[in-house]
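To keep things clear, I will list the structure first and then write my remarks on it.
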Amino acid sequence: MAQLPDLQTTEQPLPDYHIVFSRRRTLAIVVRQGRVTVRAPVGCNTKQIQQLIVAKQLWIRRHLLKQQAQMPVLSWQQSAQILFEGKLLQVVFCRAGKSEVLLDNDNVIIAVSARVATAKLAAWHDKLLHSWLKAQAEARFPTRLSFWADFMKVNYRELKLGMWQRRWGYCDSFGVIGLNWRLIMAPNWVSDYVMVHELAHLRVMDHSVRFWQTVSQYLPDYPQAQAWLSYNQRQLVE
């Protein structure tokens, strides 16, 4: 019998925010330059603040999405940062005896062989990171997809990983499930949503009300995963 999913991997955390206390009478939420600030009266109970964040989290995410769409986008090489399973990691570039990618705590080390010409470094960084991320997805996704298939009592034929610009996954009429390996950069509860979404198509092939009811049966908070993908999709390396 399948065990219930680990709640730590399926629940979405609240939006990050910081609190500014002042001599005011009411609570207010300000979303500016991708940052969420709660302005609160001195002595305000933090539980009351958290309740406000919970109640307004969809409103907050809509404003974050709108602001992100207006912000310039740096490539992952320019920012020297990537997301991995929802965590922002620093990228360290270096030369070494052989080309490889290593995960060291909060750092991703991309080492390029000293034999590679300097003019080709950027291309090699992309190639190495893509290969490493895909390998991580290959190591993690099959087990998680099998778990959800058992939990939902559906059978799929095989799993294929790819990279597509306009979709995170697919399910065809032969029972083949496709997942975008870039989902390895998203939190587990987000990649879980895509898996559940595609597995639900084994029961309902369209996007009718019955389909979304099926998804909601296993992941009631799936709209939060959709919002995360919409907000963060430009940070997922292409």
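The values are calculated or read from the model by the stated rules, or taken from the named source; none is laboratory data. Predicted model, so just to flag it, every value in this text is computed and none were measured. Glycine gets a Cβ as well: all are built from the backbone with ideal geometry, and neighbour counts include every protein chain shown. For accessibility, only protein heavy atoms count, side chains too; no ligands or nucleic acids. Shrake-Rupley method; radii C 1.70, N 1.55, O 1.52, S 1.80 Å.
Rolling a 1.4 Å probe across the protein heavy atoms gives region 76-224 an accessible surface of 51 Å² per residue. Counted by Cβ distance under 9 Å from Val42, the other residues give a net charge of +2, where Lys and Arg count +1 and Asp and Glu count -1. In this structure Lys87 has an accessible area near 100 Å², from a 1.4 Å probe over the protein heavy atoms.
When the Cα positions of Ala119, Trp148, Asn105 are compared along the charge dipole of region 105-166, Ala119 comes out farthest toward the positive end, with charges on each C-beta of Lys, Arg, Asp and Glu. Pairs exceeding a 22 Å alpha-carbon distance, out of Lys66/Lys134; Lys127/Lys160; Lys134/Lys160: Lys66/Lys134. A cut-off of 5 Å between modelled amide H atoms, ignoring neighbours fewer than 5 places along the same chain, links Arg95 with Val112. Report summary: the helix-based calculation at 222 nm, which adds -39500 (n - 2.57) for every DSSP H run with n ≥ 4 and divides by the residues of the chain, gives -13500 deg cm²/dmol. So what's the Cα pair-distance distribution over the chain, bin width 5 Å, in %? For the chain, the binned pair fractions read 1, 6, 12, 14, 15, 14, 13, 11, 8, 4, 2, 1, 0 percent.
When the chain is treated as a GNM with alpha-carbon contacts under 10 Å, the residue of Val31, Val116, Val92 showing the greatest mean-square fluctuation is Val116. Normalised by the number of residues in the chain, the mean separation of alpha-carbon contacts (under 8 Å, six or more apart) gives a relative contact order of 18 percent. Computed over protein heavy atoms with a 1.4 Å probe, the carbon and sulfur contribution to the accessible area of region 119-238 reaches 49%.
When the chain is treated as a GNM, springs tying every alpha-carbon pair under 10 Å, which of Val30, Val154, Val101 comes out with the largest mean-square fluctuation? Result: Val30 has the largest fluctuation of those listed. What separates the Cα centres of region 113-154 and region 18-65 is a distance of 37 Å. Note on the chain: dipole from Cβ charges, positive end direction compared against Leu159, Val204, Ser216; the farthest Cα belongs to Ser216. Cross-link reach is defined here as a Cα-Cα straight distance under 27 Å, omitting same-chain residues fewer than 8 places apart; for Lys47 the lysines meeting it are Lys56, Lys87.
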